[in-house]
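The values are calculated or read from the model by the stated rules, or taken from the named source; none is laboratory data. Because the structure is predicted, anything quoted here is derived from the model rather than measured. Here the Cβ positions follow ideal geometry from the backbone for every residue, glycine too, while neighbour counts run over all protein chains shown.
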Amino acid sequence: MCRDNKTEQEKINQFEDIYTKHDAVQWYTQNSFLFRLTNRAFRSEEIDQIYIFRLFITDLYKQLSSLYSKQEHMHDIKIYRGRKLMREELERLRNNIQHIISINGFLSATSSLDVALCYARAETSREGYESVVFELDIGHNQSKACVDISKYSKFTDEEEILCTIGTIWYIENIDWNNDTATWWVKLKLTNEKAQPSMELVDTLRKQYIDEECTLLNLANVLVAVGKYNQAQNYHKIMYDNLSVTDNQKIQMNNCLGILSYEIGEFDNAIMYFQKAEEIINSKQELFNHCQATICMNKQATYSALNNYTFAQEYFHKLTNIILTGLSANKHLMVKIYNNIGLSYHINNELDEALKNYARALVSDNPHSLDRSAVYNNIAGAHYIKKNYDKAKSYYTRAISIAITFR
């Protein structure tokens, strides 16, 4: 992309030679590949694209935090952002007045209205664009999100303010301004969050990220939200890393087994689960938690293959693991009891299935996604038993929980 552009290639070479983490703001404010590609990655909302720029994004975020701690804090001031906006985007904003919007990446603004107007009125040959000025009200006690970088920017005369990743704004009003001949969009910085989305993020963080954000944890989250191809890419990156621990190898093989299961490659799933099990058996200290997870997944896969002999074998292994005192891990216990219930369910032993579903509910958080899955299975069992009122009730409960995580 930049190979045929000598100017951009020179900037890339310069970046490789002299960049340090203390120069992140200056590099970001240059009209160069780094600014464009970083923002393109944020706009794409693709984790693997954002991951490419993770080190630079981290440097920029940390430098903004450092600058904030050193400068005079901004309170109750208005800043501005001018740009050309597609009519469709402007219309979407107008349809969401008195609602909130979240900014995916960093947001560049200015304390100078004149600078914002220059950007808003800039000539463009593209059709279907409107001149727009955003009036951004930082408000009181909200100023930490926005930092004055004018002394550190490549263009000091633009009086630039940079707002950090993920700021959330309330759309107060949108009107045509005759004085400036631009659309005028009033936004107010807010602490409000999109609650269902934040609950989903918190659930994924608790269930799939133990202590730190690693490639492996990221891959686990991608599996949980159905991004199987991206998850496979991260596992390939991990496999190329020679410092992978035995525990991580177990998790990777388990995750690859789940990926294979989800796309219907059951034989491959068994192969990956078997690899994980072999490592576990050689590492006794990892046995209980990991073995339970692998047994649960192998049981589900053998059931999908209609191989009930092996499914029952792993069902009994799961039962023995539970008896050894694994019950402290409530999240895992929910999945185990739910899978045991499904095993009985498939064999049409519905009363035993319902007993295990009930055990899963006792172990679970009242508002988790796993509980929604258990309710769905209970409803299915009651439907087969022709208990239609109960089936309807449990389907309703399953939907009411699941819909909050959309």
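Mind listing just one residue for me: the one in segment 86-135 that is of a type in the set (A, V, I, L, M) and over 19 Å from Asp179 (Cβ atoms) and, of those, nearest to the chain's Cα centre (by Cα)?
Out of the qualifying residues, it is Ile103.
Looking at (1) of a type outside the set (A, V, I, L, M); (2) crowded, with 16+ Cβ neighbours inside 10 Å; (3) in the same structural domain as Glu127 (by TED's automatic domain parsing); (4) modelled with pLDDT under 85, which one does Phe53 not meet, given that it meets all the others?
With respect to (1) of a type outside the set (A, V, I, L, M); (2) crowded, with 16+ Cβ neighbours inside 10 Å; (3) in the same structural domain as Glu127 (by TED's automatic domain parsing); (4) modelled with pLDDT under 85, Phe53 is out only on (3).
All but one of (1) under 30 Å from Lys70 (Cβ atoms); (2) outside any loop (DSSP other than H, G, I, E, B) hold for Glu130; which doesn't?
Among (1) under 30 Å from Lys70 (Cβ atoms); (2) outside any loop (DSSP other than H, G, I, E, B), the lone unmet condition for Glu130 is (1).
Name the pairs: first residue in segment 332-352 and at pLDDT 75 or above, second residue outside any helix (DSSP H, G or I), Cβ to Cβ under 6 Å, at least 6 apart or on different chains?
Val334/Asp364; Leu350/Lys385
Here are the criteria: (1) loosely packed, with under 14 Cβ neighbours inside 10 Å; (2) modelled with pLDDT of 75 or more; (3) farther than 25 Å from Ile294 by Cα; (4) not small (Gly, Ala, Ser). Tell me which single one Pro366 does not satisfy.
Here Pro366 meets the rest and fails (2).
Looking at (1) modelled with pLDDT of 75 or more; (2) of a type outside the set (Ser, Thr, Tyr); (3) surrounded by fewer than 16 Cβ atoms within 10 Å (Cβ to Cβ); (4) under 23 Å from Ile165 (Cβ atoms), can you tell me which one Ala181 breaks?
For Ala181, the exception is condition (4).
So, in segment 86-107, exactly how many residues are buried (at least 16 other Cβ atoms within 10 Å of the Cβ), in contact with a Ser or Thr (Cβ under 8 Å, 6 or more places away or on another chain) and not in a loop (DSSP other than H, G, I, E, B)?
Result for segment 86-107: 1.
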